[in-house]
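Structure first, commentary second.
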Amino acid sequence: MTATAPCIDRSEDKLKELRITILEMIHAAKSGHPGGSLSCLEILVSLFSGLVRFDPKRPDWPDRDRVILSKGHGVPALYAVLAEVGCLPKEALMTLRQLSSPLQGHPDRVRLPVVEAATGSLGQGLSIAQGVALALKLDSKDSRVFCICGDGEIQEGQIWETAMSAPKFGLTNLTVILDYNHGQIDGRSDEIMSLEPLLDKWRSFNWECSEVDGHDCDALQRELSAPGKSAPRFVLAHTVKGHGVSFMESVIDWHGKAPSDEELQKAIQEIRA
């Protein structure tokens, strides 16, 4: 069975529309993480524009591919994309972070079963992804698991335990995508705890590694289309925190700050220009 879901248009006009939606959601909530949401948008759009196999009418379809957003604070981008492909109503987006809303500030699988895992405690999503990938392999399923991590997140020790163990189990169905935007809540990731030489480290754990422009949807689709040949895959996606809004780009303050009325309008005008 193949995907029955509509594919997202990967045009720049659609990306602009989604960027505006993300900022409007965070503005309405008066809380959220615009920087990391904007940096991972093209990664999510690339996955949900014909690459990931899923059925929006059956979120529990056992043969679906899984997308786990380990950097859970970037979930406004995931919600916007899921709404675009019919997995949740678009009118629900502006309820982000409200007490009664299933759209919490980090993914909540109990309230919103269409998300694959409750994430936000950084470092844990990849362990969940490995467990899912191993279970699928044991069940002889051909489904794939995609896990999106942040660069601040992979300073966590739990990430490196999975980096060691996933190749041991031969999880060719697991692909890790690093949203490498060089920022975390406390500052630049290379100043907090340098990760380099990053690809060499993952290669030394026997992963199949590559890198790509994380804002080029066509390049992302080409890079993510194939599973690992004999090992899990690690794809380093070079991104910009706050991508698409000049006054937010690479500015750490926008890691977890909602735009004011004036800042929202300024950002929308720039995106639409």
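Every number here is computed from the coordinates shown, using simple stated rules; none is lab data. Worth saying up front: this structure is predicted, and the values here are computed from it rather than measured. Cβ atoms come from the backbone with ideal geometry, glycine included; neighbour counts cover every protein chain shown.
Overview of results
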| quantity | calculated |
| --- | --- |
| Residue in region 189-198 that is surrounded by fewer than 23 Cβ atoms within 10 Å (Cβ to Cβ), touching a residue at least 12 places away in the same chain (Cβ under 8 Å) and in contact with a helix residue (DSSP H, G or I) (Cβ under 6 Å, 6 or more places away or on another chain) present | yes |
| Filtered residue count, region 215-236, keeping only those that are surrounded by fewer than 17 Cβ atoms within 10 Å (Cβ to Cβ) and either free of Cβ contacts under 8 Å to residues at least 60 places away in the same chain or in contact with a strand residue (DSSP E or B) (Cβ under 6 Å, 6 or more places away or on another chain) (or both) | 4 |
| Which numbered condition residue 68 misses (of (1) out of contact with any His (no Cβ under 7 Å at 6 or more places or on another chain); (2) farther than 18 Å from residue 245 by Cα; (3) part of a loop (DSSP other than H, G, I, E, B)) | (3) |
| Residues within region 94-137 that are in a loop (DSSP other than H, G, I, E, B), out of contact with any helix residue (DSSP H, G or I) (no Cβ under 6 Å at 6 or more places or on another chain) and of a type in the set (D, E, K, R), tallied | 4 |
| Residue within region 127-139 that is more than 21 Å from residue 210 (Cα to Cα), of a type in the set (A, V, I, L, M), surrounded by 19 or more Cβ atoms within 10 Å (Cβ to Cβ) and within 19 Å of the chain's Cα centre (by Cα) present | yes |
| Residue 270 vs. criteria acidic (Asp, Glu) and free of Cβ contacts under 8 Å to residues at least 24 places away in the same chain | no |
| Among residues of region 154-175, those that are under 24 Å from residue 252 (Cβ atoms), among the aliphatic types (A, V, I, L, M) and in contact (Cβ under 8 Å) with a residue 40 or more places away in the chain, counted | 1 |
| Meets criteria (of a type in the set (Gly, Ala, Ser), assigned to a helix (DSSP H, G or I), surrounded by 24 or more Cβ atoms within 10 Å (Cβ to Cβ) and out of contact with any Gly (no Cβ under 8 Å at 6 or more places or on another chain)) for residue 46 | yes |
| Out of 220, 199, 195, sole residue that is outside any helix (DSSP H, G or I) and of a type in the set (A, V, I, L, M) | 195 |
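Here is a yes/no grid of residues against (1) hydrophobic (A, V, I, L, M, F, W, C); (2) closer than 22 Å to residue 226 by Cα:
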residue: 52; (1), (2): yes, yes
residue: 62; (1), (2): no, yes
residue: 75; (1), (2): yes, no
residue: 80; (1), (2): yes, no
